[in-house]
Each structure stands twice: as structure tokens, then as C-alpha cells.
Amino acid sequence: MKVLKFGGTSVGSSERMKEVAKLILSNEKQIIVLSAMSGTTNSLVQIAQLLYSKKNDEANKLITQLQENYSDVVKNLYTKTEFVQEGNELITSHFDYMRSFTQDIFTAHEERAILAQGELISSALFQLYLEEQKIKSVLLPALNFMRIDTNGEPDNYYIKENLSRELNNYPEENLFVTQGYICRNLYGEIDNLKRGGSDYTASLIGAALNAEEIQIWTDISGFHNNDPRYVENTHPIERLSFDEAAELAYFGAKILHPSSVLPAKLANVPVRLKNTMKPEDPGTLISGNSIGEGIKAVAAKDGITVIKIKSGRMFLAYGFLRKVFEVFERFKTPIDMITTSEVAVSVTIDNTKCLKEITEELSQYGSVEIDSNQTIICVVGENLIERKGIIDKVLESLKHFNIRMISYGGSKHNISILVNSKDKREALNSLNEIFST
Ligand code: ADP
Ligand code: ASP
Ligand code: MG
């Protein structure tokens, strides 16, 4: 069994959907995980925001606009009248459902139901297209097997049990289509795996089924050595280890959802990144083995806040750090980077939902300073710590920037550097010069 995930751009038009159908022609067992068509989830977020602010007329206008785009997709995707009709009925039912929210009270529950419509529509339209092409397939509702717990973490046992049960209903079938991103929460409500979550769905499915391979099909030929949105002359990397890829995804490489590598790593299922527009390109293979030495790639994560706790009197006492970390634990706020000195500790967070409460609690242990608008730049490679000269190169290339924190030695394959977000683009470009030396 292989799991193939196609992102928003890959299913972004009727033409692209037709191309995807060609890419999946095979006799192997496959689960196809689809994202919403590109731009749709952003529009759904906008619709939800309008409904929250009770701008129901504007929301209705946007719903109608989006429906018109989908009417065009239906017109171009199907050839036979009965399929065009079925496609139109399908989108009408989803858009009428969305319209029903413009009359009621709007809460987070309704918002999540709206956000799920993009994947529900794309997967249903695609599966109907396969039907028109006489390609046998089954539409598996992700809401029947994908579930998160109260902490928003996937419930792996539930996913495995329920996905296997769904698949066992179709022992003769080879091709399954399902939705990325969407899931249910512990209360059975519609929820999601956060933006970009279709990668995570693919990896959770691949791990649950112990798949042969997870393929992430997107709009670029593999994992690049630097962020192509900010740096020119980046190039795809042939091989990455799970740890290297996990580190890069977590620290901002948008090509993969931050949490999507771990399930594949734990199940030891290789992940292949491929370009839907250039399927002949080799892409990147992520597996348990790494090849190549030295610095392999750089990624950057924005929206970081530094919290510095200064406490000359208590700092060296046993248990001080534990007390500090317990505050973050109580407010379910993960820490990304830590540096300590004799009198102070600085930590970074990206979730500032409870910043006020955290700051108040930390104040009992010392003076607290906050710096926002920071960016973590993560340099990843094989044995970076054991190889002489790597850190010198990194620091040399960043000598014109103010470095706020450095994390070195935490793992063998990662050096993290905190800079002001305004310096990010230039810092990434400076670091890119290391690859050509
Ligand atoms: P999809 O819709 O297929 O999930 P995404 O937009 O989420 O696609 O991810 C692909 C994009 O990630 C690329 O177009 C590229 O701009 C961006 N990206 C950021 N960092 C990297 C990187 N290191 N390698 C490749 N792409 C990257
Ligand atoms: N459609 C969702 C998003 O745009 C999930 C995904 O594309 O991976 O975030
Ligand atoms: Mg994505």
C-alpha cells in the first residue's frame, strides 16, 4: 500500500485534477489524500471571519463567488451531462450547507465545519471524475477514522482501528480517495489538523497502515536547501534523514506540515516528495538513512517570542528551572529554544495565547522581559557538531546581523539561531552562500 498526497496547487484546477488522475494509474493499492483546491481554505477562513463579525451579507457574497468558481471547475472537469449534473448537485449541497450558517449563531464549532468543506468538495469532485473515467475507486470519509484527542494530538490507536475497518469493507478495491486536513475531535465534532495539515493526514495514514511509501506531491521538485520564497538559487536535496526533515519542517520549511515527519519516522515509512508539474524529476527521499555530509539545508520559522527571566538570587538554586518550565507546561505552551547564563534563562515560544498569564506567573521568580517579532533560523545537516569549522562558517555568514540566541549541541544535526524577523530574508540569503563554498 502506498499513500499519495496531492496538495492545493496539485488539484488547483480541473486540468490539474485530470493530471493527478494520470499520475495515480497503477495496479498497486493506493490511498490518495487530497487537499482543498488552492485558495479555497483561505476563502473559507475569510468567510468564517465575516460570519464571526456578523457581516452575513458579505459572507454570503463570498460564498456565492466561491460557488461560481466551482461551477466552472465542474463544467470543465466532466464531459458527460449526467456527471456535470451530479457535480453541480454536489457543490450545491456543500454551498447550501455553508449558507445555512449565515442565519444562525456562529461559534468555533461552525467555523471548523466550514473549514472542512474545501477537502470534502475536492475529494468528492475528484472521485466523481475517476468514476467518469471508469477508474474504480472508493471515497473514504476521513471523518470516519481521523481523530484528535483533547490536546489536539492524533489518536493513533483510533485511527489505525477505524481506518483498517473502513478498508476491510472493500477487500477487492485498490484505489481509495480521502480528505487531508480534516478530522474529528474527542467530542465527535468536525475539527482539523491545522493549516497545511494534509501532509500530516498522509503521514498518519501511512504510519497506521505501515505503508510501503508516503508520497507528498506538491508544486516544487522536492525539499530545497533553503526557502525558495526568500532565496534565489536554491536546489532540491536528493536524500534527507527523518530527523533532518523533521527539524526543517518544524522550523518553518513550508513544504511539510511541522508535525508530519514524526509518524513516518516512528513507523519507518519512507516519505518521497515529488512535483506534480514535473513528475519525472527525482524529488527528495526522506528515510532512516542520510547521505551527504555537512550543512544540507536551512529553514526559518517566524512569529517567535523570547521570554527572558532574570534572577540573580535564585537562579543557581536546585529546582529553579523546573519551576520555570512548569509554568509553560501549565499553559500548554511548548518551548522551542533555550539558553542559560549564570543569572538568566531565555526561552522562545511561538504560541502566545497565554503570554500574559505566563509572564505574570514567571514574575514571581525574577524580572521578565519579552521580545517579539523574532525568527528562528535552523541550519540542518549530518554531524554538524562533530565537524570542525561548521559553526565558524555559519557565524561568519551572519556576522552583519544581531544574533539574539544560539542553540548549538542540542542535537548533532541542528544549529538554531534567533534573529530579528526584519533580518530574516537577508540572513537566509547570506547563509545560502555557504552552500557554494
Ligand atoms: P501544497 O499546497 O502542495 O501542500 P505548500 O505550498 O504547502 O504546497 O508547500 C510547497 C511550497 O513550500 C513550495 O512552493 C515552496 O514555496 C515552499 N517551501 C518553503 N520552504 C521550502 C523548502 N525548503 N523546499 C521546498 N519548498 C519550500
Ligand atoms: N487545505 C488546508 C490548508 O490550506 C490543508 C492543506 O492544504 O494541507 O491549510
Ligand atoms: Mg502544504
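I'd like the residue in the range 357-373 that is in a strand (DSSP E or B) and touching a helix residue (DSSP H, G or I) at 6+ places or on another chain (Cβ under 6 Å) and, out of all such residues, is surrounded by the most Cβ atoms within 10 Å (Cβ to Cβ). It would help to see each step written out before you state the result.
Within the range 357-373, the first condition is being in a strand (DSSP E or B), and the residues that meet it are 367-373.
If we keep only those that are touching a helix residue (DSSP H, G or I) at 6+ places or on another chain (Cβ under 6 Å) too, we end up with 368, 373.
Details: 368: 17, 373: 12.
Selected residue: 368.
Check residue 205 against each of (1) closer than 23 Å to residue 301 by Cβ; (2) among the β-branched types (Val, Ile, Thr); (3) more than 9 Å from ligand 1 (Cβ to nearest atom) and name the one condition it does not meet.
(1)
Just need a number here: residues in the range 1-28 that are touching a helix residue (DSSP H, G or I) at 6+ places or on another chain (Cβ under 9 Å) and away from ligand 3 (no atom under 16 Å from the Cβ).
Counting residues in the range 1-28 that are touching a helix residue (DSSP H, G or I) at 6+ places or on another chain (Cβ under 9 Å) and away from ligand 3 (no atom under 16 Å from the Cβ) gives 9.
Would you please name the residue that is surrounded by the fewest Cβ atoms within 10 Å (Cβ to Cβ), looking only at residues in the range 315-356 that are touching a residue at least 40 places away in the same chain (Cβ under 8 Å) and part of a loop (DSSP other than H, G, I, E, B)?
Here is the first cut: in the range 315-356, the ones touching a residue at least 40 places away in the same chain (Cβ under 8 Å) are 315, 320, 323-324, 332, 336-339, 346-350, 352, 355.
Pick out the ones that are also part of a loop (DSSP other than H, G, I, E, B) and you get 315, 332, 336-337, 350, 352.
On the way: 315: 19, 332: 11, 336: 19, 337: 22, 350: 17, 352: 15.
That would be 332.
Can you name the strands (runs of 3 or more DSSP E) wholly within the range 246-312 that have at least 2 residues being at pLDDT 95 or above and away from ligand 3 (no atom under 16 Å from the Cβ)?
Details: elements: 271-275, 284-287, 294-310.
Hits in the range 246-312: 284-287, 294-310.
Is there a residue in the range 39-51 that is surrounded by 22 or more Cβ atoms within 10 Å (Cβ to Cβ), at pLDDT 95 or above, within 16 Å of ligand 1 (Cβ to nearest atom) and under 30 Å from residue 172 (Cβ atoms)?
No, the range 39-51 contains no residue that is surrounded by 22 or more Cβ atoms within 10 Å (Cβ to Cβ), at pLDDT 95 or above, within 16 Å of ligand 1 (Cβ to nearest atom) and under 30 Å from residue 172 (Cβ atoms).
Within the range 388-412, restricting attention to residues that are among the β-branched types (Val, Ile, Thr) and touching a residue at least 60 places away in the same chain (Cβ under 8 Å), which residue is surrounded by the fewest Cβ atoms within 10 Å (Cβ to Cβ)? Let's see the steps before the verdict.
Step one: list which residues in the range 388-412 are among the β-branched types (Val, Ile, Thr), which gives 390-391, 394, 403, 406.
The next check asks that each one be touching a residue at least 60 places away in the same chain (Cβ under 8 Å); those that pass are 390, 394, 406.
Numbers: 390: 20, 394: 22, 406: 16.
Among residues in the range 388-412 that are among the β-branched types (Val, Ile, Thr) and touching a residue at least 60 places away in the same chain (Cβ under 8 Å), the one surrounded by the fewest Cβ atoms within 10 Å (Cβ to Cβ) is 406.
For residue 293, all conditions in the list (1) surrounded by 14 or more Cβ atoms within 10 Å (Cβ to Cβ); (2) within 30 Å of residue 236 (Cα to Cα) hold save one; what is the number of the exception?
(1)
Looking at (1) in contact with an Asp or Glu (Cβ under 9 Å, 6 or more places away or on another chain); (2) closer than 26 Å to residue 23 by Cα; (3) touching a residue at least 40 places away in the same chain (Cβ under 8 Å), can you tell me which one residue 110 breaks?
(2)
Rundown of residues vs (1) in contact (Cβ under 8 Å) with a residue 60 or more places away in the chain; (2) crowded, with 16+ Cβ neighbours inside 10 Å; (3) out of contact with any Pro (no Cβ under 8 Å at 6 or more places or on another chain); (4) not in a loop (DSSP other than H, G, I, E, B), yes/no style:
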{"residue": "161", "(1), (2), (3), (4)": "no, no, yes, yes"}
{"residue": "165", "(1), (2), (3), (4)": "no, no, yes, yes"}
{"residue": "170", "(1), (2), (3), (4)": "no, no, yes, no"}
{"residue": "178", "(1), (2), (3), (4)": "yes, yes, no, yes"}
{"residue": "191", "(1), (2), (3), (4)": "yes, yes, yes, yes"}
{"residue": "201", "(1), (2), (3), (4)": "yes, yes, yes, yes"}
{"residue": "205", "(1), (2), (3), (4)": "yes, yes, yes, yes"}
{"residue": "215", "(1), (2), (3), (4)": "yes, yes, yes, yes"}
{"residue": "222", "(1), (2), (3), (4)": "yes, yes, no, no"}
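Can you list the helices (runs of 4 or more DSSP H) lying wholly within the range 50-121 that have 3 or more residues being within 19 Å of residue 192 (Cβ to Cβ)? Reasoning before the result, please.
Details: elements: 56-77, 81-100, 108-115.
Qualifying helices (runs of 4 or more DSSP H): 81-100, 108-115.
Out of 385, 377, 415, which single residue is touching a residue at least 24 places away in the same chain (Cβ under 8 Å), in a loop (DSSP other than H, G, I, E, B), hydrophobic (A, V, I, L, M, F, W, C) and within 30 Å of residue 239 (Cβ to Cβ)? Break it down stepwise before answering.
Details: 377 fails: in a loop (DSSP other than H, G, I, E, B); 415 fails: in a loop (DSSP other than H, G, I, E, B).
The match here is 385.
Looking at 110, 119, 173, can you tell me which residue is out of contact with any strand residue (DSSP E or B) (no Cβ under 8 Å at 6 or more places or on another chain) and among the charged types (D, E, K, R)?
Values: 119 fails: out of contact with any strand residue (DSSP E or B) (no Cβ under 8 Å at 6 or more places or on another chain); 173 fails: out of contact with any strand residue (DSSP E or B) (no Cβ under 8 Å at 6 or more places or on another chain).
That would be 110, the only listed residue that is out of contact with any strand residue (DSSP E or B) (no Cβ under 8 Å at 6 or more places or on another chain) and among the charged types (D, E, K, R).
The values are calculated or read from the model by the stated rules, or taken from the named source; none is laboratory data. Note that the structure is a prediction, hence the values are computed from the model and not measured. Neighbour counts run over all protein chains shown; Cβ positions are idealised from the backbone, glycine included.
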